[in-house]
Amino acid sequence: MPYAMLSSFIDGEKMGVFMGLFNMFIVIPQIVAATSLVAIYTFLFGDSAINAMLLAGLSLAIASLSNLLIVNPEAVKD
């Protein structure tokens, strides 16, 4: 879905470059999170995994609400 949203806004000639950059913005945070956030979660929340899940749910809610801020210029013209 994010790639479909991105492809409707970029020029076809530079599609590969922008898709590659977009992929890097997805993959690099995942690698950082997988390698370092375990120690941070343990420090912040101790052995209580439910608090980490609450933080994940809050992050999901913020991300979903921020998608409401995306404006499609073509839809506004209609």
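The values are calculated or read from the model by the stated rules, or taken from the named source; none is laboratory data. Just so we're clear, the structure is a prediction, and the values are computed from it rather than from any experiment. Here the Cβ positions follow ideal geometry from the backbone for every residue, glycine too, while neighbour counts run over all protein chains shown.
Look at residue 50 and say whether it is loosely packed, with under 10 Cβ neighbours inside 10 Å, aliphatic (A, V, I, L, M) and in a helix (DSSP H, G or I).
Judged against the criteria, residue 50 is a match.
With respect to being in a helix (DSSP H, G or I) and more than 23 Å from residue 9 (Cβ to Cβ), residue 66 falls outside the description. Summed over the stretch 23-50, the residues that are under 26 Å from residue 64 (Cβ atoms) and at pLDDT below 85 give a count of 8.
Is it fair to say residue 5 is touching a residue at least 40 places away in the same chain (Cβ under 8 Å) and surrounded by 10 or more Cβ atoms within 10 Å (Cβ to Cβ)? Spelling it out, residue 5 is indeed touching a residue at least 40 places away in the same chain (Cβ under 8 Å) and surrounded by 10 or more Cβ atoms within 10 Å (Cβ to Cβ).
Within the stretch 1-20, the set of residues being farther than 20 Å from residue 67 by Cβ and not acidic (Asp, Glu) comprises 12, 14, 15, 16, 17, 20.
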